[in-house]
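Colleague: Mind having a look at this structure? Questions to follow.
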Amino acid sequence: MDLGISGRTAAVAAASSGLGLASAVALASEGVRVAICGRDKGRVDDAVATIGHGAVGLVADVSTPEGATGFVADATNALGTIDILVPNAGGPSPGTFASTPVDAYPDALNLNLMSVVAMCKAAVPPMQERGWGRVVAITSIAVRQPIGTLILSNTARAGATAFLKTLAGEVAANGVTVNSVQPGLHATNRLIALHGGDASAATAGIPAGFVGDPADFGAIVAFVCSEHGKFLTGAAINVDGGAYAGLQ
């Protein structure tokens, strides 16, 4: 299927590995010129080699609003425009209500909420002016079903989801769609390492019977960015092999 986005440009945050990298690869394979960022230059360079298709690698830390805004500015300078924005970042440290001090929350909110706000503030107005744009944020299935040991991530990503839903309604008439994709367990390097090199050990509780393939996740992100997705906005799409059992 031709997604109709060949020749477009995309900024994909925190894409030197994992689901960010998979999303960048999927977009590039559709003819999108991609700029990615990560904190480590060596890993960024390796990711650019994996992506190919003229991808641009930038060293940036999106864990603060300033870093997130800087990434969008640098990506815009490199690409000329940003048609597609994929906000993404790693998660904060694990913890429960009892174990997490109040002063841990601001950094978590900067990482998983304010970085999304800052990237959108920088990238979306030019999309509105051009009459076309896509924002697809990578969040977590924990937004729908909070994970007890991840109170910081649960809190910050839920806030980001509310922000994105609100933004979607404001910019839809300008040809800009805003959605989020909520991954469950996927066979990223981190998950594989946590399970001693065997991602299949994480399949308990996944009705599909297997851990997700990052490449399949990236393909879903690319479709949401496509011309075929122009009527899809304000959605939070769970991609988890059926692990979330709720109706909404």
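Colleague: So if R0 is 22 Å, what FRET efficiency would F97 and Q145 give, r being the distance between their Cβ atoms, rounded to the nearest 0.05?
Modeller: Efficiency at R0 = 22 Å is approximately 0.85.
Colleague: Using amide H atoms built 1.01 Å from N in the peptide plane, name the residues 5+ places from N238, or on other chains, whose amide H lies under 5 Å from its own.
Modeller: Residues meeting the amide H criterion: Q182.
Colleague: Students often check this: by mean Cβ neighbours within 10 Å, which of 133-146, 224-237 ranks highest, and how do the rest follow?
Modeller: 133-146, 224-237
Colleague: Taking only Cα atoms, what is the 0 to 90° angle, nearest 10, from helix 65-79's long axis to the longest principal axis of the chain?
Modeller: 40 degrees
Colleague: Something else now. Taking θ = phi - 60°, what integer Hz values does the Karplus form 6.51 cos²θ - 1.76 cosθ + 1.60 yield along region 175-187, in sequence order, with x for Gly and Pro?
Modeller: For region 175-187, the Karplus-derived couplings read x, 10, 9, 9, 9, 10, 10, 10, x, x, 7, 10, 7 Hz, x marking Gly and Pro.
Colleague: Roughly speaking, what is the stretch gain from E170 to A201, that is 0.36 nm per residue apart minus the C-alpha to C-alpha distance, in nm to one decimal?
Modeller: Gain on stretching E170 to A201: 6.9 nm.
Colleague: Can you compute 3J(HN,Hα) from phi for each residue in region 209-220, using the Karplus curve 6.51 cos²θ - 1.76 cosθ + 1.60 with θ = phi - 60°, rounded to whole Hz and x for Gly and Pro?
Modeller: In residue order, the calculated couplings are x, 8, 7, x, 8, x, 5, 5, 4, x, 5, 5 Hz.
Colleague: Specify the angular offset, from 0 to 90 degrees and rounded to the nearest 10, of the alpha carbon long axis of helix 18-29 from the longest principal axis of the alpha carbons in the chain.
Modeller: It works out to around 30 degrees.
Colleague: In square nanometres, what is one fourth of the surface area of the convex hull spanned by the alpha carbons of region 43-188?
Modeller: Averaging across all directions leaves 9.4 nm² for the Cα convex hull.
Only the coordinates and a few stated rules stand behind these numbers; no lab work does. As the structure is a computational prediction, the values presented were derived from the model and not from experiment. Reconstructed Cβ throughout: ideal geometry from the backbone, glycine too, with neighbour counts over all protein chains shown.
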